[in-house]
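The values are calculated or read from the model by the stated rules, or taken from the named source; none is laboratory data. Predicted model only: the values in this text are computed from it and were never measured. Cβ: placed from backbone, ideal geometry, glycine included. Neighbour counts: every protein chain shown.
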Amino acid sequence: MTSATDIPYLDLSDPGFRVDSEQVLEARERSWYARTNYGLAVLRYEQVSELLKDRRLRQGSWAWPALNGVETGPLVEWWNGALLNLEGEDHRRIRKLLNPAFTPGLVNGLAPRFRELATELIDSLAERGRCEFVTEFAEPYATRVIALMLGIPEREWRRLAQLSGDLGLFLGVTIKQDLDRIEAALEGLYGYADELIAERRDEPGDDFVGTLIKAQVDDDRLSREELRISIVLLIFGGVDTTRNQLGLAMETLLAHPEQWRLLAERPELGPNAVEEVMRVNPTVTWVTREALEDLTFEGLPIERGTTIHMLSSSAGSDPRAFGEDVQFDITAEGRPRHFGFGGGVHHCIGHFVARGDMSEALPLLARRLGNPRVEGEARWLPRSGNTGPIELPIAFDPKGA
């Protein structure tokens, strides 16, 4: 057991802190956990895996605003009522209602539309030999996919993307200074949800939102406020995380040009590429839990109410789980599962969609954009919390369709 004097400390609130830094890797070698100003950080794969399944812990992200000095207001009310932060019967009930939109069969059936959309966006930029990847591909692709899933007109994508991006700032470490912008975006998404609900009530349909409204109206399985909260969460989650993850995928593949060329030659490696990107460079850099009771884990006493951050990116490169060959490799098989989609009962409900749409997009990009490289100044969210590029200008050699 690591002695108390050897336990590392990480300042997670520092905007300059990086979950992929040498500081974190060195801390992982010293101890399976670190103390932080937000509670504990778990650094190694085995302990992350065990704690994500531990029923003595609850979802901990609900406390994120309060940890950053935001204890009341519309953001806190929405976040506390969102599926991600519900427990027990409320979580099971709402998750069961939302699940039909995210089944593997439904996602597989949409694969041709995902390919068509990705091809359309690539066609619009491929001949120029350069683009700003986030605004010209990742953002419109992610937003139009979620619009397709929810039965929202795709022409609304710019409005949805802007609001989702601004709301997503609350998952970073600068939440308090961005609060006005965050809450304005939340108000905008609520307004959009209300418009969507009113439209579906006037013109009922068989799409996902129509099904949710039917559940709310016919048998009261879903309150009106739960319906509004869920629609906002689905729009935000579908746009923000996929846009960020596509940007992180491009960053990772830019650093491994031989893997980019291989993906162009072997598009069937698309699903593997997604899993590898999310293992080494996830947009959700930590998954949060909170202790429901006093407990002891691997000899460490943990008090009730303690926040525990599972550093998914650190766990994803842990040589104890992956062996010495932990480098990014889209041909690798039999890897232990990563934690880019969380784990346990709160495993990301939209993971089939994210896996499906990115698996279609990445090989198409690799086939059409030869020798991609960063051109100009990239801008990034802090490399902790939920992260990703704000702007990622790239140049490339145009290739035929």
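Numerical summary
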quantity	calculated
Residue selected from the stretch 292-323 under the condition closer than 20 Å to Leu10 by Cα and among the aliphatic types (A, V, I, L, M), by the criterion surrounded by the fewest Cβ atoms within 10 Å (Cβ to Cβ)	Leu300
So Ser13, is it surrounded by fewer than 21 Cβ atoms within 10 Å (Cβ to Cβ), among the small types (Gly, Ala, Ser), in contact (Cβ under 8 Å) with a residue 24 or more places away in the chain and not in a loop (DSSP other than H, G, I, E, B)	no
Checklist (1) within 19 Å of the chain's Cα centre (by Cα); (2) surrounded by fewer than 21 Cβ atoms within 10 Å (Cβ to Cβ); (3) farther than 30 Å from Leu300 by Cα applied to Arg18, failing item	(3)
Residue check for Glu199: more than 21 Å from Arg224 (Cα to Cα), among the acidic types (Asp, Glu) and part of a helix (DSSP H, G or I)	no
Qualifying residue in the stretch 198-205 (condition: among the aliphatic types (A, V, I, L, M) and either in contact with a Leu (Cβ under 7 Å, 6 or more places away or on another chain) or buried (at least 19 other Cβ atoms within 10 Å of the Cβ) (or both))	no
Which numbered condition Pro204 fails, given (1) farther than 20 Å from Leu83 by Cα; (2) touching a residue at least 40 places away in the same chain (Cβ under 8 Å)	(2)
Residues (under 16 Å from Phe102 (Cβ atoms) and in contact with a Phe, Trp or Tyr (Cβ under 7 Å, 6 or more places away or on another chain)) located in the stretch 131-153	Val145, Ala147, Met149, Leu150, Gly151
Residue within the stretch 65-77 that is under 18 Å from Cys348 (Cα atoms), in contact (Cβ under 8 Å) with a residue 40 or more places away in the chain and either of a type in the set (A, V, I, L, M) or in a helix (DSSP H, G or I) (or both) present	no
Matching residues, the stretch 371-395, being surrounded by 17 or more Cβ atoms within 10 Å (Cβ to Cβ), out of contact with any Cys (no Cβ under 8 Å at 6 or more places or on another chain) and either free of Cβ contacts under 8 Å to residues at least 24 places away in the same chain or more than 30 Å from Arg56 (Cα to Cα) (or both)	Pro372, Ala378, Leu381, Pro382, Gly388, Pro389, Leu392
Residue that is touching a residue at least 60 places away in the same chain (Cβ under 8 Å), of a type in the set (D, E, K, R) and closer than 30 Å to Leu369 by Cβ, where the choices are Arg243, Arg221	Arg243
Scan of the stretch 136-182 for residues that are under 20 Å from the mean Cα position of the chain (by Cα), outside any loop (DSSP other than H, G, I, E, B) and acidic (Asp, Glu), ordered by number	Glu136, Glu139, Asp166
Count of residues meeting criterion [of a type outside the set (Phe, Trp, Tyr), part of a loop (DSSP other than H, G, I, E, B) and modelled with pLDDT of 95 or more] in the stretch 22-51	3
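This table checks each residue for (1) acidic (Asp, Glu); (2) modelled with pLDDT under 95; (3) surrounded by fewer than 20 Cβ atoms within 10 Å (Cβ to Cβ); (4) under 30 Å from Thr119 (Cβ atoms).
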{"residue": "Thr331", "(1), (2), (3), (4)": "no, no, yes, yes"}
{"residue": "Val345", "(1), (2), (3), (4)": "no, yes, yes, no"}
{"residue": "Ala354", "(1), (2), (3), (4)": "no, yes, no, yes"}
{"residue": "Arg368", "(1), (2), (3), (4)": "no, no, no, yes"}
